[in-house]
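A.B. asks: One structure coming up, written as structure tokens, with questions to follow.
Every number in this text was worked out from the coordinates using simple rules, so none of it is lab data. From a predicted model like this one, the values you see are computed outputs, not experimental measurements. Using ideal geometry, Cβ is built from the backbone for each residue, glycine included, and neighbour counts are taken over all protein chains shown.
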Amino acid sequence: MTLEEARRQIDALDLRIRDLLMRRMDMSRAVAEYKKRTGDTAVYRPEREREILSTLGQGVPEDRRDAYLAVVRKILQESRGYQYSFFYDRDPGAAEELIRGLRIPEICCGIRLRLKCPDRPGALAAVLNVMADAGCDLTGIVPLGSDGSVGYAGFEMTLVCDINKPEIRKMMYRLSMENRDLEILEVFGPEGCPKEERE
């Protein structure tokens, strides 16, 4: 097979993958609509995701399994994000509790937050992925000592982002649903932009 032939086949496969992913997203939306009707807004089900990964990992050659399952994890993560976005769009005030009592400058360039993520492999990486996908730049992260919360690890993070943007509020809503005790501690205007911490 020539390089051009291989590339043509990859291009054709990419189109088929795109179509299948769009169909999968349609089904994720159908699940979210059902949950909304029944009042069940729990999106993340770790036991279901473990079952999916275990089932889909069967029969995959060992030299490809890790890469394949990484792609599946990303698909599951984005599917959850799509469902959270569906819930948020129907109730944009869902994230308001997170900023209640804070002074939100008209020009916002960063936030400092605290959260507890589940103490399991990949949990912190998933949080950081969600932040990166929303366009946030992490400028500081501090692990917090144990407060007795079994099964959770606490972190304080400083991000460059604009809390006034809907996509950042959606991100905060999602993080608050998938983690515990998310609290926005401070919102920075131009005078206290967290970018300065790295200079």
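A.B. asks: Within straight cross-link reach of K116, meaning Cα distance under 16 Å, which aspartates and glutamates are found once same-chain residues fewer than 8 apart are removed?
C.D. replies: D147, E156, E178, D181, E183
A.B. asks: Given region 3-90 reduced to its alpha-carbon atoms as identical point scatterers, what log10 I(q)/I(0) does the Debye formula return at q = 0.14, 0.21 Å⁻¹?
C.D. replies: For region 3-90, the Cα-only Debye profile gives -0.63, -1.10.
A.B. asks: May I ask you to derive the FRET efficiency for C193 and M1 from their Cβ-Cβ distance with R0 = 41 Å, giving the value to the nearest 0.05? Please report the intermediate quantities before stating the final value.
C.D. replies: Values: r = 52 Å, r/R0 = 1.27.
After rounding to 0.05, the efficiency reads 0.20.
A.B. asks: Once R0 is set to 22 Å, what does the formula 1/(1 + (r/R0)^6) return for the Cβ-Cβ distance between R23 and R45, expressed as a FRET efficiency to the nearest 0.05? The partial results should precede the final answer.
C.D. replies: On the way: r = 21 Å, r/R0 = 0.95.
Efficiency, from the Cβ-Cβ distance: 0.60.
A.B. asks: Give the aspartates and glutamates whose C-alpha is closer than 15 Å to that of K35, dropping any in the same chain fewer than 8 places away, or say none.
C.D. replies: D26, D89, D91
A.B. asks: What nm value, rounded to one decimal, do you get for the distance between D11 and D63 when each label is placed 7 Å out toward the C-beta?
C.D. replies: The answer from the label model is 2.8 nm.
A.B. asks: Note the full-extension length gain between D147 and I52 as 0.36 nm times their separation in residues minus their Cα-Cα distance, in nm to one decimal. Could the numbers behind the result be given before it?
C.D. replies: On the way: separation 95, 0.36 × 95 = 34.20 nm, distance 3.26 nm.
Contour length minus the Cα-Cα distance gives 30.9 nm.
A.B. asks: Given P121, L185, P105, which one lies farthest toward the positive end of the charge dipole of region 95-198, if we put +1 on the Cβ of every Lys and Arg and -1 on the Cβ of every Asp and Glu?
C.D. replies: P121
A.B. asks: On to the next question. What net charge is computed for the residues neighbouring S28, neighbours being all others with C-beta under 12 Å from the C-beta of S28, Lys and Arg scored +1, Asp and Glu -1? Show your work: numbers first, answer last.
C.D. replies: Details: positive: R23, R24, R29, K35, R80; negative: D26, E33, E78.
Neighbourhood net charge equals +2.
A.B. asks: Compute all pairwise cysteine Cβ distances in the chain, then list the cysteines with no distance under 4.7 Å to another cysteine.
C.D. replies: C108, C117
A.B. asks: Report which label in (i) 0.96; (ii) 1.11; (iii) 1.02 holds the value of Rg/Rh (Cα atoms, Kirkwood Rh) derived from the coordinates of this structure.
C.D. replies: (iii)
A.B. asks: When the helices in the chain are scored as -39500 (n - 2.57) per DSSP H run of 4 or longer and the sum is shared across all residues, what 222 nm value do you end up with, to the nearest 500 deg cm²/dmol?
C.D. replies: Details: 6 runs with 105 residues, N = 199.
Helix contribution divided over all residues of the chain: -18000 deg cm²/dmol.
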